Amino acid sequence: MIVIQRTNDPTARAIVPGGVSFAGLASELGLNAREGARWASCETLDLTTLDPDAPLERETTFEIPNVVFLAWFGEWGRLGKKYMRWASNARRLRSLGYDVVSFDNDRYQRDKAELARFDFFERLERCSREKALYALYMMGHGSQDAIGSLNPRFFWNRTLGPQWQVSYTRVARAVGATSRDLSIQDALNYQLGALVVQACASENPGARELVSSGGRFWGAAGIYVPRPLDLGGVISRS
């Protein structure tokens, strides 16, 4: 039996018994076994040469990603966060042992879109580069290719922070984006174990491409009507 020890640190410990493969651990987490060297660490094994399908000879401990990255692009400020259970979901995830890293677009002035974009990518890239990023949760306006909003004139748009979009993948970039603009895919060194996107048209191939085929995904087809989710129940696998 694989034992996962989550203690609110950026990485968690996975104790895998002998006879179980690394692929078995990846399946338990919903991560891609072939990308194992990018998201796991081990003091006793070289993950760059390890056959993920071969049973381990003895009990082995791995360091695995444990960060759930919450990104708020939502509306109505504190009222919106309260309705969507933003803070309570963060507490729920921490109670399960995850480390929660957050990005709040409301904290930036309306004319500081570039600063907000820089901070979003800097945090996301760092978590992935350090083999800490396990899951990503985002909420806001959305389209088939991106999350965020570029049009503050819509009468229903009550986004408090700057108006900007971020594309899911390199291929499907947001309207108006250039080849120099990063996508979420550019910031990831490996596919995610879980992805939740509460935005219009977030049930799309680009968003799904960010998460492993064995991971957990939640998106909305067509127009999304905001409603609270239990992120702990959606994201947690163990």
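Structure notes:
- Loop-exposed GluC sites (Glu not before Pro) per DSSP, neighbour cap 10 Cβ within 10 angstrom, longest uninterrupted part of the chain: 58-238
- Taking label positions 7 Å along the Cα-Cβ direction at both Met1 and Leu79, the computed distance is 4.9 nm, reported to one decimal.
- Charge tally for Leu93 (other residues, Cβ to Cβ under 12 Å; Lys, Arg +1; Asp, Glu -1): +3.
- Using a simple spin-label model with pseudo-atoms 7 Å out from Cα toward Cβ, Lys112 and Ala221 lie 4.0 nm apart.
- FRET efficiency estimate (nearest 0.05) - Cβ-Cβ, Glu125 to Ala87, R0 22 angstrom: 0.30
- Candidates per trypsin sites (Lys or Arg not before Pro) in segment 35-94, loop by DSSP, up to 13 other Cβ within 10 Å: Arg58
- Of all DSSP bridge pairs formed entirely within segment 9-129, close to 55 percent run antiparallel.
- Cβ-Cβ FRET estimate between Glu43 and Leu96, R0 fixed at 30 Å, reported to 0.05: 0.70
- Segment 80-138: C-alpha gyration tensor shape, a/c 1.5 cut-off, then a/b vs b/c: oblate
- Fraction of beta bridges assigned by DSSP in the chain that are antiparallel (%, nearest 5): 40 percent
- Per-selection Kirkwood Rh - segment 32-122 (Cα, Å, 1 d.p.): 16.5 Å
- Heavy-atom accessible area order for Val68, Val225, Val234, largest first, 1.4 Å probe: Val225, Val234, Val68
- Within the chain, longest stretch free of exposed chymotrypsin sites (Phe, Trp or Tyr not before Pro) [DSSP loop, at most 15 other beta carbons within 10 Å]: 157-238
- Helical content alone sets the calculated 222 nm signal of the chain at -6500 deg cm²/dmol, taking -39,500 (n - 2.57) per DSSP H segment of four or more residues and averaging over every residue.
- Asp106 accessible area, 1.4 Å probe, all protein chains in place, Å² to nearest 10: 30 Å²
- Candidate lysines - alpha carbon under 23 Å from Lys112, same-chain residues fewer than 8 apart omitted: Lys81
The values are calculated or read from the model by the stated rules, or taken from the named source; none is laboratory data. No experiment lies behind these values; they were computed from the predicted model shown. Glycine also receives a Cβ, built like all others from the backbone with ideal geometry; neighbour counts cover every protein chain displayed. Ligands, DNA and RNA are excluded from the accessible area calculation, which covers all protein heavy atoms including side chains. Shrake-Rupley method; radii C 1.70, N 1.55, O 1.52, S 1.80 Å.
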